[in-house]
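Worksheet: the structure to be examined is printed underneath.
The values are calculated or read from the model by the stated rules, or taken from the named source; none is laboratory data. Predicted model, so just to flag it, every value in this text is computed and none were measured. In this analysis, Cβ positions are derived from the backbone assuming ideal geometry, glycine residues included, and neighbour counts consider all displayed protein chains.
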Ligand SMILES: [Zn+2]
């Protein structure tokens, strides 16, 4: 059993709130701070006190409650050094390869430019946890607002190199619409078709699709599969590079 408890809940419309709690010390981190009220409710329901905020990128739906939560709890805020001017209340700017301790456990920073120029993911290597926010979604990846597809492809490969059983927590409940797109570019992938059914049934019951794992994503997420012969045949891109195929999948999703 992990030394951490992870609690996920909905914020705004489709953002996830994520709290990571270390019972032995009482330390509790919020991964991003999308909205104050649901985070306060979640903390109260669990009887946890917030000690840290781990910010992934500067978008308002990820930092809106930083200052309010910092005032109330004196939480220490970590965030991307490349976006330091845009992260409210930032105490500890961190960048690629940086390591720090949360509740005495190692946290490794993985810079994943693409969705934003400075987006970072938080990896807990001893506990197989990855907080990927808007870089990697279940069956999807973040939209490219600040960096080209070629940069995002490099970023996603860093996450693909993590162990297959790494649990991935992501920023938005977009999984059903991602699944509808995924089957258009990878229609013969049995693992994807089975997962699509599971996701439809989860969402029909109002349940969340988080977390996923690196292994499941490598089998079913088309954005991690530009090397796949079936996808390349559908796209008629047999001779293209992986980066080119990835860019085409991203372009099609933007227009889906
Ligand atoms: Zn974002």
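Within the stretch 204-218, which residues are assigned to a helix (DSSP H, G or I) and surrounded by fewer than 16 Cβ atoms within 10 Å (Cβ to Cβ)?
Within the stretch 204-218, the subset assigned to a helix (DSSP H, G or I) is 204, 214-218.
The answer is 204, 215, 218.
Here are 69, 50: which of them is part of a helix (DSSP H, G or I), in contact (Cβ under 8 Å) with a residue 12 or more places away in the chain and either surrounded by fewer than 17 Cβ atoms within 10 Å (Cβ to Cβ) or away from the ligand (no atom under 16 Å from the Cβ) (or both)? Walk me through how you get there before you give the answer.
Details: 50 fails: part of a helix (DSSP H, G or I).
Every option except 69 fails the conditions.
In the stretch 106-131, what residues are on the phi < 0 side of the Ramachandran plot, surrounded by fewer than 19 Cβ atoms within 10 Å (Cβ to Cβ) and touching a strand residue (DSSP E or B) at 6+ places or on another chain (Cβ under 8 Å)? Lay out the reasoning, then the answer.
So the first thing to find is which residues in the stretch 106-131 are on the phi < 0 side of the Ramachandran plot, and the list is 106-113, 115-127, 129-131.
Of the ones still in play, those that are also surrounded by fewer than 19 Cβ atoms within 10 Å (Cβ to Cβ) are 106, 108, 117, 125-127.
Correct list: 106, 108, 125, 126, 127.
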Quiz prompt | Which listed residue, of 127, 123, 172, is closer than 25 Å to residue 2 by Cα and within 16 Å of the ligand (Cβ to nearest atom) | solution = 172
Practice problem: Hey, can you tell me all the residues within the stretch 117-127 that are farther than 19 Å from residue 58 by Cα and either in contact (Cβ under 8 Å) with a residue 40 or more places away in the chain or not assigned by TED's automatic domain parsing to the domain that holds residue 174 (or both)? | Solution: 124, 127
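Any residue at all in the stretch 140-154 that's within 12 Å of the ligand (Cβ to nearest atom) and in contact with a strand residue (DSSP E or B) (Cβ under 8 Å, 6 or more places away or on another chain)? Don't jump to the end; show me each part of the working.
Initial filter on the stretch 140-154 (within 12 Å of the ligand (Cβ to nearest atom)): 141-146.
If we keep only those that are in contact with a strand residue (DSSP E or B) (Cβ under 8 Å, 6 or more places away or on another chain) too, we end up with 142.
Yes: one or more hits.
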